[in-house]
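After the structure tokens below, expect a handful of questions from me.
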């Protein structure tokens, strides 16, 4: 009886500690077909060839069991509609790069229906559901979650739009969500700097964290660009899927099949059997993993 009492007490204590620290029990993780976590980082306005020539960006597939998508297209110009497309399957409702407030479902609705955790990490974002368009090097146009009224108008959901500094706390607490969307600031994403500047930032960002299982276990990392520099007809952008614990069915390092931002959304939907949003994601070609 005494041993049962202590076992029960220990279980209760551990459960309370998980709640206090934000950690998740293994049973909280919803297994996916190809990955249990996706971590998306979006860069800005660089031509495919420029990114492909960058020493670090071009090494990601080889370094971390990845694949470079050599025929991956952005959706349109300017920036904001591409971000909106990535999480909602459509560019409808966007006001170019100006403030947009859209009434439509997103990937968040599908994730929450399956109890899959999500967070978006935004550099220089002050938190507290701040709806301003420009704060230091943060730009709301690069934070698509804030443009949907069923997120920005929902206190619980809005709390999952956080400053990027929260990431290291989540790693320390083994609480990185299963769906994570990371937006670097205007310098680190190459918007107000250069490809080489953004590459140096990304190398430092990854190497500091990527070998930590709390960050990389069963994770598909995605590095992509919202759009090209406007100088091409097809709007092709450099995109690579990778991860030290990313389990792929193919060892090929390049995939020349035609994909786009809707394909990435569809791939995530298919991984967890989320269904679709009834937008362009419904007929999008999923990425071969």
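Taking each pair of different alpha-carbon atoms in the chain once, compute 1/r for the pair, average those values, and report the inverse of that mean as the Kirkwood hydrodynamic radius in Å to one decimal.
It works out to 19.4 Å.
Right, next: Roughly how many Å is it from the Cα centre of region 242-289 to that of region 180-216, as a whole number?
Region 242-289 and region 180-216 have Cα centres spaced 22 Å from each other.
May I pose another question? What value, in deg cm²/dmol to 500, does the helix sum -39500 (n - 2.57) over DSSP H runs of n ≥ 4 give at 222 nm once divided by the residues of the chain?
Helix contribution divided over all residues of the chain: -8500 deg cm²/dmol.
If you don't mind, another one. To the nearest 0.05, how large is the calculated FRET efficiency for residue 207 and residue 249 if R₀ is 25 Å and r is the Cβ-Cβ distance?
With a Förster radius of 25 Å, E is 0.40.
If a/c stays under 1.5 just call it rounded; otherwise compare a/b with b/c (prolate if a/b is bigger, oblate if not). Do that for region 23-134, with a ≥ b ≥ c from the square roots of the Cα gyration tensor eigenvalues.
Judged from the Cα gyration tensor, region 23-134 comes out oblate (a/c at least 1.5, b/c at or above a/b).
Rounding to the nearest 10 and keeping the result within 0 to 90°, find how far the Cα-based axis of helix 79-88 lies from the longest principal axis of the chain.
Result, in degrees: 40.
Relative contact order for region 130-289 using alpha-carbon pairs under 8 Å, separation at least 6, rounded to a whole percent?
Relative contact order comes out at 13 percent.
What full-extension length gain, to one decimal in nm, is calculated for residue 163 and residue 58 as 0.36 nm per residue of separation minus the Cα-Cα distance?
In short, 35.0 nm is gained.
Which one of 58, 232, 263 has the biggest mean-square fluctuation once the chain is modelled by GNM with Cα springs under 10 Å?
Sorting by GNM fluctuation, first place goes to 232.
Sort 225, 202, 56, 215 by Cβ crowding within 10 Å, fewest neighbours at the top.
56, 202, 215, 225
Here is a follow-up. Starting with the fewest neighbours, write out 156, 105 ranked by other beta-carbon atoms found within 10 Å of each beta-carbon.
Placing the least packed residue first, the sequence is 156, 105.
Sort 142, 261, 280 so that the residue with the fewest other Cβ atoms within 10 Å of its own Cβ comes first and the one with the most comes last.
Listing 142, 261, 280 from fewest to most nearby Cβ atoms yields 280, 142, 261.
With every atom except the alpha carbons ignored, what do you get for Rg and Dmax of region 28-69, in angstroms?
Computed over the Cα atoms of region 28-69, radius of gyration and Dmax are 13.6, 41 Å.
Assuming a ≥ b ≥ c are the square roots of the Cα gyration tensor eigenvalues, decide whether region 192-289 counts as rounded (a/c under 1.5), prolate (otherwise, with a/b larger than b/c) or oblate.
oblate
Here's a follow-up. Would you mind checking the tilt of helix 195-209 against the longest principal axis of the Cα atoms of the chain, expressed as 0 to 90 degrees and rounded to 10?
That helix lies at roughly 10 degrees to the long axis.
Take peptides 35-48, 238-251, 84-97 and line them up by average Cβ neighbours within 10 Å, highest first, as a rough protection proxy.
Answer by packing, highest mean first, reads 35-48, 84-97, 238-251.
I've got another one for you. Over the chain, what is the relative contact order in whole percent, taking alpha-carbon pairs under 8 Å and six or more residues apart?
Computed value for the chain: 34 percent relative contact order.
A short reminder: the numbers here are calculations on the coordinates, not readings from a lab. Since this is a predicted model, take the numbers as computed values, not measurements. Note that each Cβ is placed from the backbone with ideal geometry, even for glycine, and that neighbours are counted across all protein chains shown.
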